[in-house]
């Protein structure tokens, strides 16, 4: 019996050693749209960098040309022609960031997935930092964060930088996860965890959606300091400009914050309205009491006196009654909607957990 146990233990240790010696397989994901001036140079930089890591990692690269209307697709296909570990997928039309990422995720085969910007606004050396951290900590997501301590942002247009910084602060407040950068795309993922998230977003809000659903599943999310640097010049000599549309960007970040804690929007609005209603209601109450006191020696019944007091106070300032009553009614409705939103969110979390567990069980059996 002891010999059998010893043999089993030896087999277990051998498997453990084999697994330990096996190089992690990494999938690099790069969405690209109209990047013909920089894409080949940046891919060369990534490939040269990854060749230095081949003793530690096996790797593949999945590039999605998201319906570019320049020569980006042709350049990518030519670049991947003689490289077996580079796969190029082309969308016929621009389907935006979320669909480009989801298309790439479906094709990834690695143990870990690294998402990168085609413009290398985060330099290639972030790849090794992300991989080291996710393997060391056994986290589900590691985020390259320029907004945390020791992170940095440079050469980014002022308006774009301001919007991004405050959008991340806004989302961080509602996420309550102590995460500084929720909108950034440069991250490392545990692939098995990532594919179970069932992502639904259709644009840049996919980055916040991933964080939200990972929090629901109690995934471990870690940040590392990162350097976000927009080069002042492209290869064609033209200064780079932000492609982000301000109003659509703000609306998407607002919606992402709503997804994290929808009840806060209703409850916060409700309490503001409740506070506003206090002044006219207090004024109406004080004047009603004063009018009643003037009638205290009247022989009329109490209900008549109180009605007359309210009527006199209303005649003095009808707007106080109207504004106070209207805002109080709105406040109660918003606070009630907040309570309902909280309940709905709990229901969604339960359903999401259930759906994710079913998905994982089915995938394991298959």
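The values are calculated or read from the model by the stated rules, or taken from the named source; none is laboratory data. Predicted, not measured: the structure shown is a model, and the values here were computed from it. So basically every Cβ, Gly included, is an ideal-geometry build from the backbone, and we count neighbours across all protein chains shown.
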>> If the requirement is being surrounded by 22 or more Cβ atoms within 10 Å (Cβ to Cβ), at pLDDT 95 or above and farther than 25 Å from residue 197 by Cβ, which of these qualifies: 116, 101, 130, 76?
In response: 76
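One line per residue, one yes/no per condition, for (1) out of contact with any helix residue (DSSP H, G or I) (no Cβ under 7 Å at 6 or more places or on another chain); (2) at pLDDT 90 or above:
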position: 175; (1), (2): no, no
position: 178; (1), (2): yes, no
position: 189; (1), (2): yes, yes
position: 204; (1), (2): no, no
position: 211; (1), (2): no, yes
position: 218; (1), (2): yes, no
position: 222; (1), (2): no, yes
position: 226; (1), (2): no, yes
> Can you pull out the residues in region 33-48 that are in contact with a strand residue (DSSP E or B) (Cβ under 9 Å, 6 or more places away or on another chain) and in a helix (DSSP H, G or I)?
Replying inline: 39, 42, 43, 46, 47
> Which residues, taken from region 216-233, are over 26 Å from residue 35 (Cβ atoms), in contact (Cβ under 8 Å) with a residue 24 or more places away in the chain and either crowded, with 17+ Cβ neighbours inside 10 Å or out of contact with any strand residue (DSSP E or B) (no Cβ under 8 Å at 6 or more places or on another chain) (or both)?
Replying inline: 216, 217, 219, 221, 222, 223
> Can you name the residue in region 191-203 that is buried (at least 20 other Cβ atoms within 10 Å of the Cβ) and not in a helix (DSSP H, G or I) and, of all such residues, is farthest from the chain's Cα centre (by Cα)?
Replying inline: 197
> Hey, among the residues in region 155-175 that are in contact with a strand residue (DSSP E or B) (Cβ under 9 Å, 6 or more places away or on another chain) and in contact (Cβ under 8 Å) with a residue 24 or more places away in the chain, which one's surrounded by the most Cβ atoms within 10 Å (Cβ to Cβ)?
Replying inline: 156
>> Taking the criterion of being over 16 Å from the mean Cα position of the chain (by Cα) and modelled with pLDDT under 75, would at least one residue in region 256-263 satisfy it?
In response: yes
> Which members of region 137-173 meet the condition of being at pLDDT 90 or above and at positive phi?
Replying inline: 138, 150
>> touching a residue at least 40 places away in the same chain (Cβ under 8 Å), assigned by TED's automatic domain parsing to the domain that holds residue 46 and touching a strand residue (DSSP E or B) at 6+ places or on another chain (Cβ under 9 Å): is that true of residue 103 in this structure?
In response: no
